[in-house]
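Peer 1: This is the structure I have questions about; it appears just below.
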Amino acid sequence: QVQLVESGGGLVQPGGSLRLSCATSRNIFSFNGMGWYRQAPGKQRELVARIISSGGTNYADSVKGRFTISRDNAKNTVYLQMNSLKAEDTAVYYCHAADRRGDYWGQGTQVTVSS
């Protein structure tokens, strides 16, 4: 069974930074890709950033230039560095992975941007 364990969420002031981590029980190259989604209250879950097995990345327009997704292959961990945070970034952030069998989700970590 695939486990995705997120950490790093919390409360931060506007303009601040946070780094989320997602550790997996499997070799990250066994997935087609991994990424981060978020869901704010009353809104649909949306893709924030994704990194595929080749290392290519893509980002939601709303976070381009502020967020960076990266990975540590030796630790089987994917990170999301979030800078210049805004109130509208407040949401539960979920780690996601996919392979031929299906999709896998972490339990979510709350990010709250507020003064």
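Peer 1: Restricting to region 53-73, and then to whatever is at pLDDT below 95 and open to solvent by 50 Å² or more (accessible area, probe 1.4 Å), can you tell me which residue is nearest to Ala98 (Cα to Cα)?
Peer 2: Out of the qualifying residues, it is Ser53.
Peer 1: Anything in region 60-82 that is assigned to a strand (DSSP E or B) and over 24 Å from Arg26 (Cα atoms)? List them, or say none.
Peer 2: Phe67, Met82
Peer 1: Scan region 74-89 for residues that are hydroxyl-bearing (Ser, Thr, Tyr) and open to solvent by 40 Å² or more (accessible area, probe 1.4 Å) and jot them down.
Peer 2: Answer for region 74-89, where residues must be hydroxyl-bearing (Ser, Thr, Tyr) and open to solvent by 40 Å² or more (accessible area, probe 1.4 Å): just Ser84.
Peer 1: Just give me the residues in region 38-52 being open to solvent by 50 Å² or more (accessible area, probe 1.4 Å) and within 17 Å of Gln110 (Cβ to Cβ), in sequence order.
Peer 2: Gln39, Pro41, Gly42, Lys43, Arg45, Glu46
Peer 1: Among the residues of region 1-31, how many are of a type in the set (S, T, N, Q) and surrounded by 14 or more Cβ atoms within 10 Å (Cβ to Cβ)?
Peer 2: 3
The values are calculated or read from the model by the stated rules, or taken from the named source; none is laboratory data. The structure presented is a predicted model; accordingly, all values stated were derived computationally and were not measured. Positions of Cβ are backbone-derived with ideal geometry, glycine not excepted, and every protein chain shown enters the neighbour counts. These accessible areas exclude ligands, DNA and RNA; they are computed on the full protein's heavy atoms, side chains included. Shrake-Rupley method; radii C 1.70, N 1.55, O 1.52, S 1.80 Å.
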